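Q: If you scroll down you'll find the structure; I have some questions about it.
None of the figures in this text is laboratory data; all of them are computed from the coordinates on show. Quick caveat: nothing in here was measured; it's all calculated off a predicted structure. Cβ placement follows ideal geometry from the backbone for every residue including glycine, while neighbour counts extend to all protein chains displayed.
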Amino acid sequence: MQFDFDNKQRKEILETTFEKLENFYSKTKDFKTNPDLNIKEIRESIYSKELVNGISPEKAIEHVTKELETFSVHTPHPKYFGLFNPRSNYAGIIADLITATYNPQLAAWSHAPFAVEVEELLIREFANKFGYDKNSDGVFTTGGAEANLTAILCALNHKYPNFAKDGMFGLNKKPIIFCSEEAHHSIQKAAKVVGLGYNLVKSIPITDELKLDTNILQEELKNLDNSEYSPLMVIGTAGTTGTGTIDALNKLSSICKKNNIWFHVDAAYGGGAILSQDLKQQLSGIEKSDSITFDAHKWMSVPMGTSIFLTSKSEILGKTFRITTEYMPKEADMLTVTEPFTHSIQWSRRFIGLKVYLSLLFYGWKGYEETINHQAEMGKYLKNQLKKNGWIIKNNTDLPVICFTKEEFETDFNFTKEVLNNILSNGKSWLSVYPIKGTPTFRACITNYNTTEKDIDELIDELNNEVKSYARQ
Ligand SMILES: *Cc1c(COP(=O)(O)O)cnc(C)c1O
């Protein structure tokens, strides 16, 4: 068995791969958005006998690309109006290939000084964009879930100076995490992972504007006086997953200041608004937070596995994650550098930040501003066309997330279900259903830099046709 390939073979492998990728990238719209979920067929498509001796690289590449094309929801499709999964931009795709080839080890500064310094620069740039001062800090994470988990750990280490040593056993009261009932489930999950348990996540009801109700939050905080509980942190969401709503960040910040509690903003999706002069004021108040989650793999359209955790407290990441070891290289001891392993849950760490760095080198902040404005424009266009076609809009946000329904079917729970099923099985578009205060609505989000007015017109035609046939039944 030959483990390495020669130059000619490598070229052939890359060409075969390029041909497949190019076909998908340039013709994404020709693919069905939604696969048939035939579990038997899917499992049968996976090779297992072939694992013993292997097959030719060409056959292997042919196999995996074909099955990925057949059995995936195509999030890069221009009519994927789904969750915050973008079409990967080309710089990001190339960055993943480069990272895999050089495979720099970002646990220690001295092993990958260029890569670590690139990430450091990006952390400073993003901190600056979000309005943090020079004393801020941050780290690249695999996703928003890891960034939110990092936020909870930082809040614990900030409030309880001995937490790193004594853990939960050193606490005299049970710490409570407040967020809205529309906040992301990764917060409950993080509470489980940390060992707090999700009972200590208090979900505050939302107002008619679908924002965390700050009056209820203040009452809940008062109720904790003289109890066995103590407030740990408040998590505001900037761009809820369901409705794209931004919580009242300024108000939340002043409540947190007054009560001396950590204020985290989960801006996994909505944080992208900071890159647009037209949209950034929507995030006003985020600069007063103690920490921020921002997923570059959402609105910045880089491939998955790319998120950023930022904090305005420069010492806290080190306090939370530093550990001393004998086997880490010590060459950088004398230099004032950040050792990534002292800032992160991860140890061996890939060059996550290259996807963002290369994207900025390809498109610049300017290019990002244009694509984010374009997507916000497409959101407005979708909203207006829906209204013109007799749909009612149930959420209110400047981010391109639109929740809508038909007045006459608002209480008919079968309506959204049936229309959605038909649209998904046609495979021309992808959207979802999201309940707002108990009423199911269609949820369509623009997450693709290539989505055009024509794509949106086609979606509305599909919806209108489905409504007609539903009404005829
Ligand atoms: C997507 C999302 C998350 C989770 O982030 P991942 O990158 O999927 O781990 C957390 N919070 C919000 C608001 C999100 O939209």
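Q: Counting pairs on different chains as well as pairs 8 or more places apart, how many Lys pairs in the stretch 14-71 have Cα atoms under 21 Å apart?
A: Close lysine pairs found across the stretch 14-71: 12.
Q: Grab the beta carbon distance between ASN450 and TYR47, set R0 = 30 Å, and tell me the FRET efficiency rounded to 0.05.
A: 0.35
Q: Let me ask another. Students often forget the sequence filter, so: which aspartates and glutamates lie under 14 Å Cα-Cα from LYS406 once same-chain residues fewer than 8 apart are removed?
A: Result set, ordered by chain and number: GLU418, GLU466.
Q: Oh, and also: Identify all aspartates and glutamates with a Cα-Cα distance to LYS211 below 17 Å; exclude those on the same chain that are fewer than 8 residues away in sequence.
A: GLU181, GLU182, GLU219, GLU220, ASP247, ASP266, ASP398
Q: How high is the relative contact order of the stretch 342-473? Use alpha-carbon pairs under 8 Å, at least six apart in sequence, and give a whole percent.
A: It comes to 24 percent, rounded to a whole number.
Q: In nm, to one decimal, how far is the modelled label at LEU68 from the one at ASN465, with both set 7 Å along Cα→Cβ?
A: Each label point lies 7 Å from its Cα, and together they span 3.1 nm.
Q: So, R0 is 30 Å and r is the distance between the beta-carbons of ASN199 and LYS437; what FRET efficiency does that work out to, to 0.05?
A: 0.80
Q: Please report the relative contact order for the stretch 32-80, taking Cα pairs under 8 Å with a sequence separation of at least 6, and give it as a percent rounded to a whole number.
A: 75 percent
Q: If you don't mind, there's one more thing I want to ask. Restricting to the chain, what percent of DSSP beta bridges are antiparallel, rounded to 5?
A: 55 percent
Q: Right, another one. Whats the longest run of the chain with zero trypsin sites (Lys or Arg not before Pro) that are DSSP loop and have at most 11 other Cβ atoms within 10 Å?
A: 135-329
Q: Compute the length gained on full extension between ARG322 and ASN38: take 0.36 nm times their separation in residues and subtract their Cα-Cα distance, giving the result in nm to one decimal.
A: 97.5 nm
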